[in-house]
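The structure appears right after this line, and notes come after that.
The values are calculated or read from the model by the stated rules, or taken from the named source; none is laboratory data. These figures come from a predicted structure and were not determined experimentally. With ideal geometry, Cβ positions are generated from the backbone for all residues, glycine too; neighbour counts draw on all protein chains shown.
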Ligand SMILES: *Cc1c(COP(=O)(O)O)cnc(C)c1O
């Protein structure tokens with residue numbers, strides 16, 4: 001059934017599997033940690049203990065696998081827990097290739113934890129695939145892409161990168177947190193795995209933390225990820241899984257409106273004399289615009305821009321907003337503004353005059369008026 005339906009239809013019915021016992025249309029969250037054995041000691045419904053598997057978590061994993069067009073999904077307590085499980089599934093002494101412009105938590109995870117133990121990593125400019133090819137090593141087992149990237153919204157050509165990964169015998173994972181389905185579906189473009197922070201658009205209301213890995217194939221590598229999930233235990237709790245299913249019901253319409261708002265705001269900022277640069281792949285002069293048009297259905301709802309001036313000026317602009325709230329994170333219904341360099345480590349390459357916007361569902365005129373007054377001299 002899943003295969004023949006549009007993503008919008010799957011999303012609208014997220015979490016609706018009439019409960020066998022009561023007929024309740026929306027399945028309840030199964031908070032129970034443990035499940036009854038039959039008199040013969042078996043587990044007739046397949047559930048044993050919630051770290052191992054849980055019906056609500058299973059419902060979410062099944063839906064996410066279909067949304068991305070993959071065969072399997074494992075959900076975790078956060079996006080970083082999902083990233084950790086993926087890196088733990090690699091063989092010892094593997095090399096991981098990550099973009100120069102990557103969510104700083106991922107680089108932090110490799111630097112602070114994995115290089116001390118079992119893995120090595122280097123960075124490359126992922127907007128230029130020749131740079132990526134040149135950075136591949138004989139033991140490169142994982143190529144980690146993030147597109148659009150945080151916070152510069154660089155675009156990576158996923159079909160071409162998938163081809164390259166196949167040639168060099170590495171797996172390709174795409175952190176697609178900034179462009180969830182139906183906007184972008186990396187597995188269709190040849191990626192082996194997709195990573196999501198459920199904390200962002202998929203749950204969509206800034207009140208859940210979670211992460212997901214979706215695999216093109218339910219192969220032996222995915223089984224290792226599953227074993228790590230069940231054994232190491234950084235699982236998504238059932239209530240967060242239930243809230244995520246609830247959030248997913250409106251994902252398609254939320255994204256449609258958020259992307260529409262973002263297009264207007266990006267155009268406004270690009271014409272504003274107080275702004276020297278706008279990073280948004282929907283603008284025709286963005287270096288990744290053509291690739292983004294090919295591989296994305298819309299350009300997402302994240303925008304970064306550089307104000308004319310220094311960090312102090314950027315902080316002042318952020319200090320003045322009244323509709324945009326000053327906070328990190330993204331993907332909720334509320335618009336956020338963030339001075340990114342001050343949350344990243346001191347060696348960050350993020351421009352000091354850069355502000356990052358997560359565009360929400362407010363009326364476009366209120367968002368424009370707020371930015372307009374914040375950018376006044
Ligand atoms: C937020 C984020 C993560 C990390 O997810 P958490 O749920 O915060 O652990 C990873 N990648 C990207 C692109 C993100 O925005």
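If you scan the stretch 99-116, which residues turn out to be more than 10 Å from the ligand (Cβ to nearest atom) and surrounded by 15 or more Cβ atoms within 10 Å (Cβ to Cβ)?
99, 100, 101, 107, 110, 114
What is the residue count in the stretch 166-186 for residues that are assigned to a strand (DSSP E or B) and closer than 30 Å to residue 359 by Cα?
The qualifying residues number 4.
Of the residues 292, 262, 314, 301, which is within 16 Å of residue 127 (Cβ to Cβ) and surrounded by 22 or more Cβ atoms within 10 Å (Cβ to Cβ)?
The unique qualifying residue is 292.
Within the stretch 174-205, take every residue that is more than 9 Å from the ligand (Cβ to nearest atom) and either under 20 Å from residue 234 (Cα atoms) or modelled with pLDDT under 95 (or both) and give me the one that is surrounded by the most Cβ atoms within 10 Å (Cβ to Cβ).
Filtering first and then ranking leaves 194.
Identify all residues within the stretch 4-22 that are closer than 24 Å to residue 66 by Cα and free of Cβ contacts under 8 Å to residues at least 24 places away in the same chain; write none if there are none.
Answer for the stretch 4-22, where residues must be closer than 24 Å to residue 66 by Cα and free of Cβ contacts under 8 Å to residues at least 24 places away in the same chain: 4, 5, 6, 9, 16, 18, 19, 20.
Any idea which of (1) within 14 Å of the ligand (Cβ to nearest atom); (2) surrounded by fewer than 23 Cβ atoms within 10 Å (Cβ to Cβ); (3) under 16 Å from residue 193 (Cβ atoms) is the one residue 147 doesn't satisfy?
(2)
If you check residue 65 against the conditions, is it in contact with a strand residue (DSSP E or B) (Cβ under 8 Å, 6 or more places away or on another chain), away from the ligand (no atom under 16 Å from the Cβ), under 27 Å from residue 183 (Cβ atoms) and in contact (Cβ under 8 Å) with a residue 40 or more places away in the chain?
yes
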